[in-house]
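For reference, the structure discussed in these notes is given below.
Computed from the coordinates by the stated procedures, all read-outs in this text should not be read as laboratory data. None of the values given here were measured: they were computed from a predicted structure. When we count neighbours, we look across all protein chains shown, and the Cβ atoms used for this are built from the backbone with ideal geometry, even at glycine.
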Amino acid sequence: MDDFPSNEDVNPEDLLNDFGKWIKKHPELIVAAVVVVLLLFSIPTMVFQVDRDEEAVVLRFGAFARRVDSGLRWKFPPPIETVFIVNTQRVFSEQFGYRGEERAGSSKRSVKEESLILTGDLGVSRLEWDILYRKTDPMRFLFNIRDESKILRKASLSSMRRVVGDFNATEVITVRRRQIALKVKNQLQNILDNYRSGITIADVVIQSSEPPDPVAPAFQEVDSARQVRDQMRHQANRHREKVINEAEGQVSQMVSEALGDSAAVINRALGDANRFNSILTQYRQAPEITRQRMFLETMQQVITNGERIYVIDEKVKGLLPLLELKGDVK
């Protein structure tokens, strides 16, 4: 630079004065340097990455600007634009009636103020359940609710207590768990939709439903008696089905035999009728010959079926009854 002194013995004050004069002569270089520095510091805040299971909402001066899908994206540096990234595919969970998990390194702790619920028959049941949900609408989730956990907990407790109040204690503890879970899911989703929360309930899982500790032994006895009753009822139903099936089989066999006999009798009768009609036709054509033939056929049948045949001359008188003779006597 020609404007700077080239002497080896330079006074610092003179150097600063000369540098100030140089700046006054070349202000555009200073502006360019400042712009470059600002760009270098701003570039990291202008580029952001949105993962495959995420969506981003960009605000410009605090107002909604656009929604951004997955990929490498850019924006204006703060405070012009700010970005909020929401995972829309991950399933989150909230525990009710208990905290923690039964596994190594952790213990399950009951929360009585949440788990004890009044049933429709004025009984009490102890329930533990999980709410599984996803943040499917980032805009509503970011702008319409402030504390998602608080809203979910209050809405879930309200829905569960309302639904359980429609069943008696025995149904809640035994056979209606899945039905209760489905009804709670629907009611909870309606509440969240009214709040325009952007949250979708994936499932409601009832981990356990039991009677309170003071009445647990009595309930176990009742449940054991119910199981014995169901077992005996099942055995009785199986025996009844066996007897009915055997009776139906016998009825079918008897009906089949009767139908067979009926068909045989009908066929025999039809055959006899046809034979009689045939004989009648022949008799009308030649009565004497037909009578002679019928006599001979009848005698042939009688002689064939007899064991002994006696032929006695009618002129013989004083014949002894030789009935003990073996063989045929002619």
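Annotations
- Between GLN253 and ILE279, the modelled labels are 3.9 nm apart [label points 7 Å from Cα along Cα→Cβ].
- Residue-wise HN-Hα coupling along the stretch 177-187, computed from phi with Karplus coefficients 6.51, -1.76, 1.60 (Hz; x: Gly, Pro): 4, 5, 5, 5, 4, 5, 5, 5, 4, 5, 5
- Cα gyration tensor, the stretch 88-153 - rounded (a/c under 1.5), prolate or oblate: oblate
- Each part gets one Cα centre, and for the stretch 248-306 versus the stretch 120-154 those centres are 90 Å apart.
- A simple rule links phi to the HN-Hα coupling: the Karplus curve 6.51 cos²θ - 1.76 cosθ + 1.60 with θ = phi - 60°, which for the stretch 258-269 gives 5, 5, x, 4, 4, 5, 5, 4, 4, 5, 5, 5 Hz, with x for Gly and Pro.
- Residues with amide H under 5 Å from that of GLN207, placed H, sequence gap 5 or more: GLU128, TRP129, ASP130
- Paramagnetic label zone (point 7 Å from Cα along Cα-to-C-beta, SER158; backbone N under 18 Å) in the stretch 116-141: 118, 131
- Restraint check, LYS150/LYS183; LYS135/LYS183; LYS112/LYS135; LYS154/LYS185, Cα-Cα greater than 23 Å: LYS112/LYS135
- Of the Cα atoms belonging to the stretch 46-119, the radius of gyration and Dmax stand at 20.2, 57 Å.
- Residues whose placed amide H lies under 5 Å from that of THR119, excluding near-sequence neighbours: VAL124, SER125
- Karplus-based coupling profile of the stretch 237-252, in residue order and whole Hz: 5, 5, 5, 4, 5, 5, 5, 4, 5, 5, 5, 5, x, 5, 4, 4, with θ = phi - 60° in 6.51 cos²θ - 1.76 cosθ + 1.60 and x standing for Gly or Pro.
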